[in-house]
Amino acid sequence: MKRSSNSVRVGIAVAIIVGTIGWLAYSGYSDSSNRSYYVTIAELGGMGDKAYNSNLRVEGFVKPGTIQQNGTHVTFTLDEFESHSAKAATGRSLVVNYNGTEPPPDTFKDNAQALAMGTFGHDGVFHATQLQAKCASKYAPAPGQSQPTAAPAKSRADAQPPSTSSTPASAE
């Protein structure tokens, strides 16, 4: 008799676990509002009509001098390559119109790597509702300069505080 009650308990626990996993899988799959496709600027141009009907995430570099901000509304241009890259002249550009509830992040500046999430309009403008920016590589040396060298480490003897003498100084 004891075996059957333990079997029932284990069966109920397994059914609850399997049911919970199934519900999470179904609700995650059926919620298409959070589903978005990551595409590059070049891939966006080749998507055809599918680009107009999909939630997309597009990554690129903010073209210097194109940021026009009015509160939380920002219009700017994303370039496929960084402006100082040799490939920049051949890269594609995309005008982005961000109209979100929050202002753009502090790291959103010229040449910053940015990720815009939203939809591509028939007007050729990407309409973003979310915006993320990576920190610019401000600690990297400028092109044509070498890496800065670290200051030499102090020797162990230099790093120790001076020892205090336990003998009092004689007064003369």
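Just so you know, all these numbers are worked out from the coordinates, no wet-lab data involved. Fair warning: this is a prediction, and the values are worked out from it, not measured in the lab. Backbone-built Cβ (ideal geometry, glycine too); neighbour counts: all protein chains shown.
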message = Taking 22 Å as R0, compute the FRET efficiency from the Cβ-Cβ separation of Asp123 and Glu43 and round it to 0.05.
response = 0.70
ask   = Just for the range 81-134, what percent of DSSP beta bridges are antiparallel, to the closest 5?
value = 70 percent
12 Å beta-carbon shell around Ile41, net charge (K/R +1, D/E -1) = -1
ask   = Taking the Cα-to-Cβ direction at Val8 and at Asp106 and moving 7 Å from each Cα, how far apart do the two end points lie in nm?
value = 6.2 nm
message = On a 22 Å Cα-Cα criterion, which of the cross-link pairs Lys50/Lys109; Lys87/Lys109; Lys50/Lys87 come out too long?
response = Lys50/Lys109; Lys50/Lys87
